[in-house]
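S.K.: Shown below is the structure under consideration.
No value in this document is a laboratory result; all are computed from the given coordinates. Bear in mind the structure is a predicted one, so any value in this text is a computation, not a measurement. Positions of Cβ are backbone-derived with ideal geometry, glycine not excepted, and every protein chain shown enters the neighbour counts.
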Amino acid sequence: MAEREVGQHRDERRRALELECQQAAYEVTLAARRYESVDPDNRLVAAELEARWNAAMVRLRECEARRAARVESPAPPVTRESLLALADDLEGAWYAPTTDMRTKQRLARALIEEIVVDVDDATREVVLLIHWRGGQHSEVRVRKPGPGEHTKRTSADAGQLIREMATRWSDVDIAATLNRLGLTTGQGNSWNERRVGNYRRKAGIPGYESAVKNGRCLTMLEAAQTLGVTCHVIRTLIHDGILPARQVVFDAPWQIRAADLERSAVHAALQRRRPRQGRPCRNAGDTSTLMIPGTCGEGAQ
């Protein structure tokens, strides 16, 4: 049966090649008639028809060359003995350099009746029960991929960079660095704050302290809102050494411990910065002295 099928396939390919050559010869004849019937004075049309005629002749020569090569190198004969030898050395046939994927698919369909797939939740394995033609059965177990474990995964370089920067930089800064380096997500998208945060949480990577909103570490804006002052006041307290704060590198976000806002030195500095309730800068009856808002010198009378 296998020998008969091989012979049928060989005859079908030869017949298809002969039909292709016949079609190419017809196109050459048709192009020649069109070229001969055109008015020679119409040079543009004549040139176009001549080019089509030449292209048809090229295709015909290529087709005839393929047919001649097939006749000169006939396929090796397939006998019952050669097929039985191939069945005894199936591994050699499978890994032979001349065996393409289509041939492997045909071999698999010829050998396998069906494959029943099941999942073993206890061991997190996928169980394949193979029913071979002839009544034999085989069981193959493979590890079941975990959640988010697929081919479209973040590259190792991007993951390592996120891990190294997470304890010192915000997700926004990490995303900007990844984009500057040309690193993308597993889906091929650019990075942003949300995507960096999602990757950190899935990978179990903690963020820098003031990014973890547990109330223990604050940004400059959050510290200013807690004390009811502006960010300029907080920056002044930090520069004066009154309010402890940490900055990993220059121009990185300030990280301020919430407990340090309760220091007596901080409250004392804020008390000193409040407007003083003293005497007025001029006498109530003095209407000749110019008053400038925000200035109150001792000699202003």
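S.K.: Taking only the C-alpha atoms, wrap a convex hull around segment 89-143 and report its volume per residue in Å³ as a whole number. The partial results should precede the final answer.
M.R.: Values: hull volume 5.6 nm³, N = 55.
Taking the convex hull of the Cα positions in segment 89-143, it is 101 Å³ per residue.
S.K.: Kirkwood Rh over Cα pairs of segment 217-273 into Stokes-Einstein at 25 °C, 0.890 mPa s: D in µm²/s?
M.R.: Numbers: Rh = 11.2 Å.
So the translational diffusion coefficient is about 219 µm²/s.
S.K.: Along Cα→Cβ, 7 Å out, is where each label goes; now give me the distance between the ones at Leu19 and Arg235 in nm to one decimal.
M.R.: Going by the 7 Å Cα→Cβ label model, 8.1 nm.
S.K.: Still on this structure, please answer the following. When the Karplus curve 6.51 cos²θ - 1.76 cosθ + 1.60 is applied with θ = phi - 60°, which whole-Hz ³J(HN,Hα) does each residue of segment 28-34 get, with x for Gly and Pro?
M.R.: Working through the residues one at a time gives 5, 4, 5, 5, 5, 5, 5 Hz.
S.K.: Two-decimal Rg/Rh of segment 27-68 from alpha-carbon positions, Kirkwood Rh? Let's see the in-between values first.
M.R.: Numbers: Rg = 12.0 Å, Rh = 10.8 Å.
On the Cα set of segment 27-68, Rg over Rh gives 1.11.
S.K.: Provide the packing ranking of 131-139, 183-191, i.e. peptides ordered by the mean count of other C-beta atoms within 10 Å per residue, highest first.
M.R.: Values: 131-139: 10.1, 183-191: 14.2.
So the order, starting with the most tightly packed, is 183-191, 131-139.
S.K.: Two decimals, Cα atoms only, Kirkwood Rh: what is Rg/Rh over segment 156-207? Provide the component values of the computation, followed by the final result.
M.R.: On the way: Rg = 9.5 Å, Rh = 10.5 Å.
Checking Rg against Rh, the ratio lands at 0.90.
S.K.: Starting from the 7 Å offset along Cα-to-Cβ, what nm value, one decimal, do you get for the label separation of Ser190 and Gln105?
M.R.: It is 4.0 nm.
S.K.: List the aspartates and glutamates whose alpha-carbon lies under 17 Å from that of Lys144, not counting same-chain residues fewer than 8 positions away?
M.R.: In chain and number order, the partners are Asp118, Asp120, Asp121, Glu125.
S.K.: Separate question: Collect residues whose amide H, placed 1.01 Å from N in the peptide plane, falls under 5 Å from the amide H of Arg257; neighbours closer than 5 in sequence don't count.
M.R.: Correct list: Leu218.
S.K.: Please compute the alpha carbon radius of gyration of segment 1-70, then divide it by the globular-protein estimate 2.2 N^0.38 Å. Two decimals is fine. Can you show the working numbers first?
M.R.: Numbers: Rg = 17.5 Å, N = 70, 2.2 N^0.38 = 11.1 Å.
Relative to the rule-of-thumb radius for its length, segment 1-70 sits at 1.59.
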